[in-house]
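The values are calculated or read from the model by the stated rules, or taken from the named source; none is laboratory data. As the structure is a computational prediction, the values presented were derived from the model and not from experiment. As a convention, Cβ positions derive from the backbone with ideal geometry for all residues, glycine included, and neighbour counts pool all protein chains shown.
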Amino acid sequence: YISLFLIGAFVFSFSTSLAWAEEATEVDAMIQPDQIRDLEARPALTQEIQAIKEKMQAERQVLKDKIEAARTEAKTKMEALRESLKTEKDQVKAKIQEARLLGREKALERFDSKFEKMDELKERVDALIVKFEAKGVDTTNAKTFVATAETKLTEAKSKIAEASTLLAGSTNQLTAENKEKLRTLVKEAQTLLVDAHKALGDATKSLKDAVKAKNAVDATNN
């Protein structure tokens, strides 16, 4: 039988290490996971399936690169703003603006930290999928949940990249319109992070259920 200890331990780790998610654009697939599974049942279309998957991965990578470029540009602009404050003659004004800039940087860094933790958890779920798939466990549902988590996470990163661009515009207070836009972006990003958290939790649960199902079949056959 395949031991459930590994998954059980992971579920516990998952629950504790993602407690932060409770605090807290577009990657539309050109074909849905269930459609891909239907195609995979037809060996003659293996090459077509691979081409579709590669195209989807390429499109995701393009978006990820754009998000990373936007964040890098925003960080560069913020550093330039910080340097510009050194020439500000009004020291009181300079201190206020520097404090404002620091607050913005810290807020964005907190999101970057959350994204990093979520990426690490996704990698751990992926590793479990590979491990149990090699043992003959049906990981179809788990893969679907992970794909959902990846999409939600990418969308959340896109929201924060947009927010960082907004915050890096100047050291002045945001206009009422931009404040509202920022609140919306942050709220949407937080919701997407929670959704990604849930999808990864569903992935681990589906793996656990799939292992139980395989053990039951193996017991019957033996």
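A few remarks follow.
- Test: residue in segment 71-88 that is under 20 Å from the mean Cα position of the chain (by Cα), closer than 21 Å to Ala168 by Cα and among the hydroxyl-bearing types (Ser, Thr, Tyr): yes
- Output for segment 134-150, where each listed residue is assigned to a helix (DSSP H, G or I) and more than 16 Å from Lys212 (Cβ to Cβ): Lys143, Thr144, Phe145, Val146, Ala147, Thr148, Ala149, Glu150
- The one condition from (1) β-branched (Val, Ile, Thr); (2) within 30 Å of Thr171 (Cβ to Cβ); (3) over 16 Å from the mean Cα position of the chain (by Cα) that Val130 does not meet is (2).
- Qualifying residues in segment 151-177 (those that are of a type in the set (S, T, N, Q) and part of a loop (DSSP other than H, G, I, E, B)) - the one surrounded by the most Cβ atoms within 10 Å (Cβ to Cβ): Thr171
- Residue tally, condition among the polar types (S, T, N, Q) and more than 16 Å from Met118 (Cβ to Cβ), over segment 178-202: 2
- Looking only at segment 59-93, residues that are among the aliphatic types (A, V, I, L, M), at pLDDT 75 or above and farther than 19 Å from Ala161 by Cα come to 1 in all.
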